[in-house]
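Trainee: Could you have a look at this structure, given as structure tokens, before my questions?
What follows draws every value from the coordinates through simple rules; no lab data is involved. The structure presented is a predicted model; accordingly, all values stated were derived computationally and were not measured. Cβ: placed from backbone, ideal geometry, glycine included. Neighbour counts: every protein chain shown.
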Amino acid sequence: MALHLRVPVLRNGFWCAIAILLLSFRFMVNAGVIQSSLTTTQSITGGALKVNGNLTATDKGFSKAGSAVIATGSNCSTAILFPTSPGIANNAIASGDMVYDVKLNTTATTPVSLCYIVTLVISPGGIVLTYNVPVKNNVANVLGESLDVKFDIGSSMPPSPFSFQLYTTP
């Protein structure tokens with residue numbers, strides 16, 4: 001009498017292959033790290049600098065304030081003067097707020113003792129936001145004296161899209 005051993009090789013091999021396949025998927029998932037990051041963008045429709053009174057201006061852009069700063073002047077009698085060290089004129093700035101910065105420079109023909117109101121107008125979606133900082137020239141016909149004029153525009157950027165305009169009025 002012959003002894004027949006039934007060894008379910010096919011069945012055991014099938015389950016072994018399935019186990020290996022599932023474990024390999026498990027290790028592939030653990031090995032593949034997926035990183036994602038959130039990117040927020042703002043859209044600016046346009047910006048314009050209109051500087052009168054023989055001054056020049058350079059747009060320095062928007063940034064987040066690192067610390068609070070008190071306003072440097074609220075009218076022409078308390079305005080920051082060209083030249084002043086550190087050369088910054090600003091409205092009240094709160095820590096962490098968004099700040100717009102523009103550099104104003106005198107020219108050889110900038111009038112002496114003339115007060116300028118530097119105005120920033122931001123227009124997000126039909127709303128008009130206006131910010132003013134006074135500055136005053138205290139030097140006669142000196143080219144290149146400069147002041148950074150900074151405007152606190154609030155805790156966040158205006159909703160997109162928005163436009164801004166900076167102008168000076170003597």
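Trainee: Any number yet on Rg/Rh for the range 44-169, C-alpha, Kirkwood? Write down the numbers at each step before the final one.
Mentor: On the way: Rg = 14.2 Å, Rh = 14.6 Å.
Rg/Rh for the range 44-169 comes to 0.97.
Trainee: Please give the FRET efficiency for L143 paired with S95, using the beta carbon to beta carbon distance and R0 = 41 Å, rounded to the nearest 0.05. Don't skip to the answer; put the middle values down first.
Mentor: On the way: r = 36 Å, r/R0 = 0.87.
For R0 = 41 Å, the calculated efficiency reads 0.70.
Trainee: With the crude spin-label approximation of a point 7 Å out along Cα→Cβ, what separation in nm comes out for T169 versus S63?
Mentor: Calculated label separation equals 3.0 nm.
Trainee: What list of ³J(HN,Hα) couplings, whole Hz, do you get for the range 65-75 from phi and the Karplus terms 6.51, -1.76, 1.60, once you set θ to phi - 60° and write x for glycine and proline?
Mentor: Using θ = phi - 60°, the values come out as 5, x, 8, 6, 9, 6, 5, 8, x, 10, 8 Hz.
Trainee: Right, something else. Calculate the FRET efficiency for I127 and N54 from the Cβ-Cβ distance with a Förster distance of 35 Å, rounded to the nearest 0.05. The partial results should precede the final answer.
Mentor: On the way: r = 33 Å, r/R0 = 0.93.
Computed FRET efficiency for I127 and N54 comes out at 0.60.
Trainee: Taking θ as phi - 60°, what are the ³J(HN,Hα) couplings along the range 78-84 by the Karplus curve (6.51, -1.76, 1.60), each to the nearest whole Hz, with x for Gly and Pro?
Mentor: Once θ is set to phi - 60°, the couplings for the range 78-84 become 10, 5, 5, 9, 7, x, 9 Hz.
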